[in-house]
Amino acid sequence: MSANYIRPDFDVVTEWVPKGASVLDLGCGDGELLARLQRERQTKGYGVEISDASVLACMERGLNVLQGNIESGLNLFEDAAFDVVILSQTLQATRHTEALVREVLRVGKSAIVTLPNFGHWSVRWQLGVGGRMPVSKRLPYQWYDTPNVHFSTITDFDVFCQEKGITVVRRAALAGGNQVNFLPNLRGETAVFQIRQ
Amino acid sequence: MNIPSDSVGFVSPQKIAFETPLTFASGATLDRYDLTVETYGELNAARSNAVLVCHALSGHHHVAGFYKDAPDPSKSEGWWDNLIGPGRPLDTRKFFVIGLNNLGGCHGSTGPGTTNPTTGKPFGNDFPIVTVPDWVRAQTRLADHFGIDTFAAILGGSLGGMQAMQWSIDFPERVRNVLAIAAAPKLSAENIGFNEVARQAIRTDPDFHDGNFYAHNVVPKRGLRLSRMLGHLTYLSDDLMGEKFGRLLKGEDYQFGFDVEFEVESYLRYQGDKFAGYFDANTYLLMTRALDYFDPARAFDGNLAAAFAKSTAKFFIAAFTSDWRFSPARSKEIVRALLANKHDVSFAEIESVEGHDSFLMPIPQYHALLRSVFEGIKV
């Protein structure tokens, strides 16, 4: 339960990844999601990570992990090499966001992107009323030490996809581990999108 | 001497005779040959725990442990001792580890310095040109000798990593894990260029006698020394050399001459002299040529992915940030070809300052990764 609460998006991603799919998890961290996908969805795939500690953690789980910076390109991978490319809580920390999304949709037949929703009411409250950059469990960083450089709301990402001709296959907004369907951009803490070219 | 508790301890080599002829890629044949090997740990009943360690340019079978009879046993440790032993990343309580000296070597296996039975003289330049696939075929016979159908893992750094990869290409069913460290899928023009300079240094030494220096009771020391000095420069990184030597002078001030002025010169001369004292010049030529010829994609119209198509092993590919001889980009070429086949592969780019030699260093992240690979192998 506690693990689910920390990463409720993993539940949705796991549900959306078809059984036996080939997956690429970009920014796979310690490999928790990749290991779960292997276990529950019999996927085959690879994680990409830049940090030494995370690469080691993935190796210790017996996962295929490739050390590298996803922002310097996905040129290790061929076109449409994967059924699903996963970007869980990674996109907001990338600099060349649009270029990366393009690369992701080149190597993946589809992609699942999870994002912290900057439209959540507590974020709006902290910034709008408190006048401070929001800090929360999902966004635990101060403005000066955050790795996150490109925040968006659920609506922002929808508009981004629309403008770039990217198809949103489905989306979910999550709060406290549950899906929220009413006012998702206000009530969702985390957003999960499945997109394709 | 005090032997660390996680060392394999005192070891001794064994020479294994092979009486079946071996035909090389060049068409040349050896009617018989010996391979000198060392083993550590015990082969289990299922013969499923064997690991082969392939050596690089100047390596040999003495991979781990110490020699009791060495002039100074405490200085006789194997060249990859820090990796292998009870409790070390390649744990000899779990694995049976084999190190060998390749054909053409100068540490006990049949090579250019060995007496050619048909002439009664050392082979010299008559010794067949060896290639990585030739070595691998000789190694399969070594596996047969021990009754090993399938290696749990084959690993090596640099030229050793090339042999490990070649196994997965030529004998995919005989290796479950391939660890290729600081390797490349083929040499670049620059790499070949360095090798050629080293070979020219040896071949133009008047004491080389076209490879038949044994008959003249001389050794082309000047050539060997130069080739090792050059080699050393390519194994190290600019940063490390800067850190280690900088512009440190041997004496108080400039002497305005061509004797050793700088520490780096002294170091290179020392390394060159040491090497020239024990290494066979013909072996050096053969080893560098084996490097030059290595190009598994060549038989597949240059398509490396096609070369790996039949491989079934799980791969661990690692490269070092300071290695400019076989840079991380070269390892990524291997990774890309493996990914194109959807093979199991992990890749690590390890921070280091020691250049190409990093693969021999006990860098904590590197050794932790190797440990995780070996711990994950079922035997």
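Just a few scattered comments:
- Ligands, DNA and RNA are left out, and with a 1.4 angstrom probe the accessible area of chain B is 42 Å² per residue.
- Measuring between their Cα centroids, the stretch B:80-128 and the stretch B:301-339 lie 25 Å from each other.
- Pairwise Cα separations in the stretch A:50-113 fall into 5 Å bins from 0 onward with the following percentages, short to long: 4, 16, 24, 27, 20, 8, 1.
- Beta bridge orientation in the protein assembly as shown: antiparallel %, DSSP, nearest 5: 40
- Taken across both chains, chains A and B shield about 1700 Å² of accessible surface from a 1.4 Å probe.
- Residues of the stretch B:346-379 whose accessible area, computed with a 1.4 Å probe over protein heavy atoms, drops by at least 40 Å² once all protein chains are present relative to their chain alone are B:SER346, B:PHE347, B:GLN365, B:LEU369, B:SER372.
- Cα lying deepest toward the dipole's positive end in the stretch A:44-197, options A:GLY188, A:ALA81, A:TRP143, charges on Cβ: A:GLY188
- Accessible area of A:HIS96 (1.4 Å probe, protein heavy atoms only, ligands and nucleic acids ignored): about 110 Å².
- Accessible-area composition of the stretch B:46-205, carbon plus sulfur, in percent [1.4 Å probe]: 52
- Under the combined filter of DSSP loop state and at most 16 neighbouring Cβ atoms within 10 Å, the stretch B:283-379 retains these GluC sites (Glu not before Pro): B:GLU351.
- Relative intensity, log₁₀ I(q)/I(0), of the stretch B:228-379 from a Debye sum that treats every alpha carbon as a point, q = 0.14, 0.17 Å⁻¹: -0.91, -1.15
- In the stretch B:13-68, the GluC sites (Glu not before Pro) that fall in loop regions by DSSP, at most 13 other Cβ within 10 Å: B:GLU19, B:GLU42
- Exposure ranking of B:TRP80, A:TRP16 by accessible area [1.4 Å probe, largest first]: A:TRP16, B:TRP80
- Overall shape: prolate for the stretch B:1-73, with the ratio a/c of the largest to smallest alpha carbon gyration tensor axis at 1.5 or above and a/b above b/c.
- DSSP bridge orientation in chain A - percent antiparallel, rounded to nearest 5: 45
- Rg followed by Dmax, in Å, when chain A is reduced to its Cα trace: 16.1, 48
- As a fraction of the 1.4 Å probe accessible area of the stretch B:272-379, surface on carbon and sulfur atoms comes out at 51 percent.
- Under 5 Å between amide hydrogens, built in the peptide plane, is the criterion, and for B:VAL175 it picks out B:PHE151 among residues at least 5 positions away or on other chains.
- Cα centre as origin, Lys/Arg/Asp/Glu Cβ charges: the stretch A:43-110 dipole, Debye: 140
- Taken per residue, the accessible surface of the stretch A:5-150 reaches 44 Å², heavy atoms only and a 1.4 Å probe.
- Among A:GLY45, A:GLY29, A:PHE160 - extreme Cα towards positive end, dipole of chain A, charges at beta-carbon: A:PHE160
- From the largest down, the stretch B:81-151 spans 47, 26, 19 angstrom on the principal axes of its Cα atoms.
- Pairwise centroid distance, computed over Cα atoms, of the stretch A:78-130 with the stretch B:197-248, Å: 54
- Summing Cβ point charges (Lys, Arg +1; Asp, Glu -1) relative to the Cα centre of chain B gives a dipole of roughly 940 debye.
- Taking trypsin sites (Lys or Arg not before Pro) as exposed when their DSSP state is a loop state and no more than 12 other Cβ atoms lie within 10 Å, the longest site-free interval of chain A runs over A:20-94.
- Placing unit charges on the Cβ atoms of the charged side chains and taking the dipole of the protein assembly as shown about its Cα centre, the candidate lying farthest along the positive direction among A:SER110, B:ILE181, A:ALA99 is A:SER110.
- When chain B is treated as a Gaussian network with alpha carbon springs shorter than 10 Å, the biggest mean-square fluctuation among B:LYS15, B:LYS186, B:LYS342 belongs to B:LYS342.
- In the complete set of protein chains, residue-level accessible area for B:MET1 is approximately 110 Å², probe 1.4 angstrom.
- The stretch A:114-174, accessible surface, carbon-and-sulfur percent (1.4 angstrom probe): 55
- Taking amide hydrogens as placed 1.01 Å from N in the peptide plane, the amide H of B:LEU236 sits under 5 Å from those of B:HIS356, each at least 5 positions away in sequence or on another chain.
- Shielding by partners - mean other protein chain Cβ count within 10 Å, residues of A:58-65: 6
- A DSSP coil position with no more than 16 other Cβ atoms inside 10 Å describes the following GluC sites (Glu not before Pro) in the stretch B:201-264: B:GLU252.
- This model, with +1 at the C-beta of Lys and Arg and -1 at the C-beta of Asp and Glu, gives the protein assembly as shown a dipole about its Cα centre of some 1560 debye.
- Annotation: amide H-H contacts under 5 Å for A:LEU66 (H modelled 1.01 Å from N, sequence separation of 5 or more, or interchain): A:GLY47, A:VAL48, A:GLU49, B:PHE347.
- Taking only alpha carbon atoms, the stretch B:1-125 gives an Rg to Rh ratio of 1.03, where Rh is the Kirkwood radius.
- Surface accessible to a 1.4 Å probe, B:ILE148 within the full protein complex, Å²: 0
The values are calculated or read from the model by the stated rules, or taken from the named source; none is laboratory data. Everything numeric in this text was worked out from a predicted model, so none of it was measured. Neighbour counts run over all protein chains shown; Cβ positions are idealised from the backbone, glycine included. When the accessible area is computed, the model is the full protein with side chains, heavy atoms only, and any ligands, DNA or RNA have been set aside. Shrake-Rupley method; radii C 1.70, N 1.55, O 1.52, S 1.80 Å.
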